[in-house]
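**Student:** Dropping a structure here in C-alpha cells format, bear with me for questions.
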Amino acid sequence: LLKDRLKAPANHQWSIGVGHQLTDRLAFSLDYLNQRVSNAPVSLAMNLSHPVTRVRPLTSRFGTIVVYDDFGDARFDALLFSLTYDQRRTRLNFGYTLGWAHSEFGDFTTNDYPDSSAYNLQRSEGDERHRFVFSGLTRLPLGLELSGITILASPRPFLVTVGADVNQNGSPGDDWPDGIRTMRQDGWRHWYRTIDLRLGKSFPMPHGA
C-alpha cells in the first residue's frame, strides 16, 4: 500500500575546504562534507500475527500488509585530506577520509519494521570510519610506465538481531542487542585491503589504424 502523496527524496549537501601549494612539487587540500537525506522511502509491515495469540490486529482476511511511506532520514559527515607530489617523471597521491554515516534504515536491505519508532537514526551499514588511498605513476627507462593504487579501509558495520521476537510484535527484525541495529568487527584482519600494480608501454600506431 502507498500513501496518497509520497514526497520525493531530498538530498542536501554542502562542503568547505582549503588547499595550499606547499612547494613547487607538494600540495595539500582539506575538505569537510555535510550531507543530509530526507523523505527517503521506507516500509512498514502491518497486520502481523501476534506470536502468542496468532491474532492479526487489523484483519484476519489478509496476511502481512506492507505500507510504504516517505519519512526516512540519513546523514553523512566526512573530513577529506589529500596530499599530492608532482615531479617531472613521477606523480604520487595520498588521500584519507574520516567519515560518519547514520541512517534510520538499513542501507542494503529491506527493513519492513512493524513500527515507525524502529526507524531511528543510528550508525548505518555504510559507516566506513577510515579510508586510505595511495596512488602514483612514474615513467621508467625504455618508455615504460609503472602505476599503482593501494586502498585500506576500516570494516563497515553489519545488521544484527537477537534472533527472537523479544518485543512480541510479530517481527524479529527490530529486536537488536541493546537497541543497537549494527555491529562492527574490530581488528586489522577485518580491514579492506587491495593493491593494484600496472606496468605499461605505449606503442605508436600508423595513422588511421
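The values are calculated or read from the model by the stated rules, or taken from the named source; none is laboratory data. Note that the structure is a prediction, hence the values are computed from the model and not measured. Quick reminder, even Gly has a Cβ in these numbers, built from the backbone with ideal geometry, and neighbours come from all protein chains shown. Heads up: the accessible areas ignore ligands, DNA and RNA and are worked out on the full protein's heavy atoms, side chains in. Shrake-Rupley method; radii C 1.70, N 1.55, O 1.52, S 1.80 Å.
**Student:** If you stretched the chain out fully between TYR192 and PHE132, how much longer would it get, using 0.36 nm times the residue separation minus the C-alpha to C-alpha distance?
**Tutor:** Numbers: separation 60, 0.36 × 60 = 21.60 nm, distance 1.02 nm.
Length gained, TYR192 through PHE132: 20.6 nm.
**Student:** Hey, can you grab everything whose amide H is under 5 Å from the amide H of ASP175? Only 5+ residues off in sequence or another chain; H modelled, so Pro and N-termini drop out.
**Tutor:** When sequence neighbours closer than 5 places are left aside, the close amide H contacts are VAL162.
**Student:** Tell me the relative contact order for the stretch 61-109 as a rounded percent, counting alpha carbon contacts under 8 Å between residues six or more apart. If you can, show how the numbers build up before the last one.
**Tutor:** Working: 48 pairs, mean separation 19.0, N = 49.
Computed value for the stretch 61-109: 39 percent relative contact order.
**Student:** Out of TRP100, TRP14, TRP176, any idea which swings most in a Gaussian network model of the chain, alpha carbons joined below 10 Å?
**Tutor:** Evaluated over the chain, the most mobile residue of the options is TRP14.
**Student:** Roughly what would the spin-label model give for MET183 and ASP31, points 7 Å off Cα along C-beta, in nm?
**Tutor:** 3.6 nm
**Student:** Just the number please: accessible area per residue for the chain, 1.4 Å probe, all protein chains included, in Å².
**Tutor:** Working: 13730 Å² over 209 residues.
Per-residue value: 66 Å².
**Student:** Still on this model: What percent do you get for the relative contact order of the stretch 1-113 when only Cα pairs under 8 Å and 6+ apart count?
**Tutor:** On the way: 233 pairs, mean separation 31.2, N = 113.
So the answer I get is 28 percent.
**Student:** Tell me whether the stretch 28-87 comes out rounded, prolate or oblate; compute the Cα gyration tensor, take square roots of the eigenvalues as a ≥ b ≥ c, and use a/c under 1.5 as the rounded threshold.
**Tutor:** Values: a/c = 5.78, a/b = 4.23, b/c = 1.37.
Prolate shape, in that a/c is at least 1.5 and a/b is the bigger ratio.
**Student:** What number, in percent, do you get for the relative contact order of the chain if the mean sequence gap of Cα pairs under 8 Å and at least 6 apart is divided by its residue count? Working shown, then result.
**Tutor:** Numbers: 483 pairs, mean separation 33.4, N = 209.
Relative contact order comes out at 16 percent.
**Student:** In addition: To the nearest 0.05, what FRET efficiency results for LYS7 and ASP115 with a Förster distance of 22 Å applied to their C-beta separation? Don't skip to the answer; put the middle values down first.
**Tutor:** Working: r = 21 Å, r/R0 = 0.94.
Taking R0 as 22 Å, the efficiency between LYS7 and ASP115 is 0.60.
**Student:** So if each residue of separation counts as 0.36 nm, and I subtract the Cα-Cα distance between THR90 and THR64, what length gain in nm does that give?
**Tutor:** Numbers: separation 26, 0.36 × 26 = 9.36 nm, distance 6.16 nm.
Difference between extended and current length: 3.2 nm.
**Student:** Could I ask something else about it? Would you kindly derive the ³J(HN,Hα) couplings of the stretch 24-30 from the backbone phi angles with the Karplus curve 6.51 cos²θ - 1.76 cosθ + 1.60 (θ = phi - 60°), listing them in order in whole Hz, with x for Gly and Pro?
**Tutor:** 5, 10, 10, 9, 9, 9, 9
**Student:** Apply the Karplus parameterisation 6.51 cos²θ - 1.76 cosθ + 1.60, with θ equal to phi minus 60°, to every residue of the stretch 45-50 and state each ³J(HN,Hα) to the nearest whole Hz, in sequence, with x for glycine and proline.
**Tutor:** 8, 9, 6, 6, 6, 5
**Student:** Next question. Mind sorting out which of (1) 32; (2) 43; (3) 13 is the real percent of Cα pairs over 32 Å apart computed from the coordinates?
**Tutor:** (2)
**Student:** Further question on the same structure: Under the 0.36 nm per residue contour assumption, what length would be gained going from the current alpha-carbon distance of SER202 and ASN167 to full extension?
**Tutor:** Numbers: separation 35, 0.36 × 35 = 12.60 nm, distance 6.52 nm.
Gain on extension, SER202 to ASN167, equals 6.1 nm.
**Student:** Here's something else I'd like to know. Measuring from centroid to centroid over Cα atoms, what is the spacing of the stretch 131-187 and the stretch 21-38 in Å?
**Tutor:** 23 Å
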